[in-house]
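*Asks:* Following this message is one structure expressed as C-alpha cells.
The values are calculated or read from the model by the stated rules, or taken from the named source; none is laboratory data. Because the structure is predicted, anything quoted here is derived from the model rather than measured. Glycine also receives a Cβ, built like all others from the backbone with ideal geometry; neighbour counts cover every protein chain displayed. Side chains are part of the model used for accessible areas, which takes the heavy atoms of the whole protein and leaves out ligands, DNA and RNA. Shrake-Rupley method; radii C 1.70, N 1.55, O 1.52, S 1.80 Å.
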Amino acid sequence: MNRTKAKDKTKKQLIDEVAELRQRIAELEKLETQHKQAEETLRQEQEKYRTILENIQEGYYEVDLAGNFTFFNDSLCRFLGYSKEELMGMNNRQYTDPESAKRLFQVFNQVYRTGKPPRGFDWKIIRKDGSQRTVQTFFSLQKDSSGHPVGFRGTVRDITKRKKVEATLRRSEETAKRLAIENAIIAKIGRIVSSTLNIEEIYEHFAEEVKKLVPFDRIAINTINHEGETFTVAYVTGVDVKNRLKGTVILLVGTLVGEVVRTRKSVVIQAEDPKKVTDRLPGLLMTFQAGIRSLMALPLISKDEVVGTLHFHSTKPNAYREKDLRLAEEVSHQIAGAIANAQLFIERKLAEEALALNEERYRTLVEESFDGIYIRKGPKIVFANRRLYEMLGYEEGKLEGLDHWLVYHPEYQALIRERAQARMRGESIPSPYEVKFLRKDGSSFWGEIQPKVIRFLGEPGLQVWARDNSERKRAEETLRAERERFLSLSESTPFGMAMIDKDGLFKYINPKFKELLGYDLNDIPDGKTWFRKT
C-alpha cells in the first residue's frame, strides 16, 4: 500500500513538473513574440529615421577622431560632388584649404576636450570639381556604449548664397537692421516649429509670428490628398470665406491650390478685376466675394512632394511685392517640414545660430564705426552708437530720448533743420556738410554730418553719420598761419625769392624778385627757359 502511495506521489510530481515546464515554455514563447515585436518596432523606427536622414537637404556625417568619414547621407555626397565610394574614409584635409583644415581641427579638438558642441562653425570646402563653397556645420561628440569618445557627428549646410547676400546687405545699415528683425522672427518661428509635435499649436503660433513679416487679412494652410485629388483646410484665421472653413475637404480641380500643386510654383494674384481670374480659377469666386483682392499661394514641399499649400490673403489690391514673396517662401519651408516630419528641428536650430552670428556682426559694424551714428524719429534720438557718446561726452544711455538739436551749436541749428526738412521732402541736398557740434560740457568742435532718410521699425526717420573734424580743422588753421607767416617774411625780405614746381613753372615771386628782374608771375619764363637764357 505504501508503495502504491509512493507511485501516486511520484506521478503527481511528474504531472506538476510537466505543467510547470509547459508554463515556462509558454512564457518563453510570449517573451520571444515580444522580442520579435520589439525588434520589428526598432527596425521600423530605424527605417523611418533613415528615410528622414536620406531626404533632408542638409548633409549628415559621422567621422572618427582623425576626421575620416565613417558614415554620411546622400545629400553630403551631392554637396561635395563625390560618390559614396570616393567619400568613405576621406579626411577633411582632402576637401579643405590648409587654413580651413587648421581651424576645423581646433574646433573639433575643443569639442573633444570639453564635450560641449559649438554654437555653429563657418568654413570653406572645395568640391570635387574645384569650386569653393562656404558651409556651416553643427556637430557633437560621438561616444560608444562605454562612454568613450569615438568620433563626431553633425550636419552641414551650404550658406554660400546667404554669405553673398549678407555681404550686400552690410552696405546698408537700414537693410541690415531690417534683416536682423526678419531673421529674429524667422528664428522664433523655427523655435516654435521645433518645440512641439502638436501641429495645431504650431499653426497657431506660426500665424501670430509670420504676420510680423508678411501682412495679411486671412491666412490658410491646406494639406493635400494626392490619391483623392482633394485638399483639406488644415488651418485658417482672419476674413471668413464661405465653404472654406477649417476641416473642409475640397476637390483640387479649378482651384488655386490645384494650380500650385500642379506647377509646384508660387502664385501671386493682384486682382483689380476678379472676374478675369475666376474665369480661369472658378474656385476663387467665394474668396473674392469675401472681399479678398490680393493673394499669394505657395507650395509646401517636403521630400520632393507637395504636402500642402500656404496662402496669404489681403483685402487691398496690389498688396504683395517681391520682398513679401521672398519672406513667405522662406517661412513656407518651415511649415512644410512641420507637416511632413521632424526634419525642421535640425534646420531651424541652424537658422537660430546663424541669426546670433548675424546680429553680432551687424552690432559690431555699428559699435566699432569710426563715425558717430544716431537715428532720430521726429526730433528725438532713438539710437546712438558708442562713438557718438565718446564724441559728445555723454554717459551711455543718456542720448536716447534727447532732442537731437542739443548736440549742435545754436549757430548751425537753422541750417540743419532747413536741410533735414528738404531731405524729408525728397529734395537733393549736398552731403556730407560741415557743422559745429556741442558737447555735454558746453564746449564745441567742428565736424561734418551725412544724413539719410530711412524707415525705422516701420516709420520714417533720419539716420545721421557724424564725424569729428577737430584735428583737421586744427591742421588747416596751422597751415593757414604758416602760409601767412611765410608770405609776411617773403614780402619784406631784401632778397629776391621764387618758388618753382617740379615741372619748372614759377608758382610765386616776391616783390624784391620782381624789382630786380622786371618779371611778373604771369610773364616769367619757366625754369628751364630761364636758366638757358641766363
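*Asks:* If you stretched the chain out fully between ASN91 and HIS226, how much longer would it get, using 0.36 nm times the residue separation minus the C-alpha to C-alpha distance?
*Replies:* 44.2 nm
*Asks:* Here's a follow-up. Taking R0 as 60 Å, what's the FRET efficiency between ILE126 and GLU208 from their Cβ-Cβ distance, rounded to 0.05?
*Replies:* After rounding, the FRET efficiency stands at 0.90.
*Asks:* Ratio of segment 240-304's C-alpha Rg to 2.2 N^0.38 Å, to two decimals?
*Replies:* 1.13
*Asks:* In nanometres, what is the gap between the two model label sites at VAL150 and ILE500, each 7 Å from Cα along Cα-to-Cβ?
*Replies:* Placing both labels 7 Å beyond Cα along the Cβ direction yields 8.8 nm.
*Asks:* Restricting attention to segment 104-158, which trypsin sites (Lys or Arg not before Pro) occupy a DSSP loop and are surrounded by at most 14 other Cβ atoms within 10 Å?
*Replies:* Of the trypsin sites (Lys or Arg not before Pro), the ones in loops of segment 104-158 whose Cβ has at most 14 other Cβ atoms within 10 Å are ARG119, ARG127, LYS128.
*Asks:* Over every pair of different alpha-carbon atoms in segment 101-220, take the mean of 1/r and invert it; report that Kirkwood radius in Å.
*Replies:* 17.8 Å
*Asks:* Based on the Cβ-Cβ distance from LEU245 to SER195, what FRET efficiency comes out when R0 is 25 Å, to the nearest 0.05?
*Replies:* Using R0 = 25 Å, I get an efficiency of 0.35.
*Asks:* Relative contact order for the chain: what percent, with Cα pairs under 8 Å and sequence separation of 6 or more?
*Replies:* Result for the chain is 8 percent.
*Asks:* Another one. Could you give the accessible area per residue of the chain, probe 1.4 Å, as a whole number in Å²?
*Replies:* That works out to 58 Å² for each residue.
*Asks:* Using the Kirkwood formula on the Cα atoms of segment 436-534, what hydrodynamic radius do you get, in angstrom to one decimal?
*Replies:* Taking every pair of different Cα atoms in segment 436-534, averaging 1/r and inverting gives 18.3 Å.
*Asks:* Give me the one-decimal nm value for the distance between modelled label points at GLU368 and GLU484, 7 Å along each residue's Cα-to-Cβ direction.
*Replies:* 4.3 nm
*Asks:* Give, in whole angstrom and from largest to smallest, the semi-axes √(5λ) of the equivalent ellipsoid of segment 57-100, with λ running over the eigenvalues of the Cα gyration tensor.
*Replies:* 16, 12, 10
*Asks:* Also, I was wondering about something else. Which log10 I(q)/I(0) values does segment 362-437 give at q = 0.13, 0.22 Å⁻¹ under the Debye formula, counting every alpha carbon as one identical point scatterer?
*Replies:* Log10 I(q)/I(0), no solvent term: -0.43, -1.15.
*Asks:* Okay, next question. Would you please give the FRET efficiency between GLU395 and ARG326, computed as 1/(1 + (r/R0)^6) with r the Cβ-Cβ distance and R0 = 41 Å, to the nearest 0.05?
*Replies:* So the FRET efficiency works out to roughly 0.50.
*Asks:* Can I ask one more? Students often get this wrong, so check it: of LYS265/LYS316; LYS164/LYS380; LYS316/LYS377; LYS211/LYS452; LYS84/LYS323; LYS398/LYS452, which have C-alpha atoms separated by over 30 Å?
*Replies:* Distance filter (> 30 Å) returns LYS164/LYS380; LYS84/LYS323.
*Asks:* Find how much the distance from THR70 to ALA414 grows on full extension, using 0.36 nm per residue of separation minus their present alpha carbon separation; answer in nm with one decimal.
*Replies:* 116.7 nm
*Asks:* For n ≥ 4 DSSP H runs only, could you compute -39500 (n - 2.57) per run for the chain, divide by its residues and tell me the 222 nm figure to the nearest 500?
*Replies:* -15000 deg cm²/dmol, from helical runs alone.
*Asks:* What number in nm² do you get for the chain if you take the convex hull of its Cα atoms and divide its surface by four?
*Replies:* Projected over every direction and averaged, the Cα hull of the chain covers 51.4 nm².
*Asks:* Rounded to the nearest percent, how much of the accessible area of segment 193-278 (1.4 Å probe, protein heavy atoms only) is carbon and sulfur?
*Replies:* 51 percent
*Asks:* Highest first, please rank the peptides 88-94, 67-73 by the mean number of other Cβ atoms sitting within 10 Å of their residues.
*Replies:* The densest-packed peptide leads the list: 67-73, 88-94.
*Asks:* For segment 427-481, just run the numbers: alpha carbon Rg, then divide by 2.2 N^0.38 Å, N being how many residues it has.
*Replies:* 1.47
*Asks:* How large is the Kirkwood hydrodynamic radius of segment 180-255, counting all unique pairs of alpha carbons, in Å?
*Replies:* Result for segment 180-255, one decimal place: 13.8 Å.
*Asks:* Roughly how many debye, to the nearest 20, is the charge dipole of segment 182-277 about its Cα centre, given +1 on each Lys and Arg Cβ, -1 on each Asp and Glu Cβ, and no other charges?
*Replies:* Charge dipole, segment 182-277, about its Cα centre: 200 debye, nearest 20.
*Asks:* Using the Cα centre as the reference, give the magnitude of the dipole from point charges on the C-beta atoms of the chain (Lys, Arg: +1; Asp, Glu: -1; all else neutral), rounded to the nearest 20 debye.
*Replies:* 400 debye
*Asks:* Here's something else I'd like to know. Do me a favour and compute the ellipsoid semi-axes for segment 54-155 from its Cα gyration tensor, root of five times each eigenvalue, largest one first, whole Å.
*Replies:* Square roots of five times the eigenvalues give 21, 16, 12 Å.
*Asks:* When all C-alpha to C-alpha distances in segment 266-337 are sorted into bins of 5 Å, what percent of pairs does each bin hold, rounded to whole numbers?
*Replies:* It works out to 3, 17, 25, 21, 16, 12, 4, 0, in whole percents.
*Asks:* Taking all protein chains together and a probe of 1.4 Å, list ILE509, ILE181, ILE199 from the most accessible to the least accessible.
*Replies:* Order by accessible area, largest first: ILE181, ILE199, ILE509.
*Asks:* I would also like to ask the following. For labels at GLU459 and GLU29 in the simple 7 Å Cα→Cβ model, what's the distance in nm?
*Replies:* In this crude label model, GLU459 to GLU29 measures out at 8.0 nm.
*Asks:* Shifting gears a bit: How far, in nm, would the chain grow between LYS275 and PHE105 when pulled straight, counting 0.36 nm per residue and subtracting the alpha carbon separation?
*Replies:* Gain on stretching LYS275 to PHE105: 54.9 nm.
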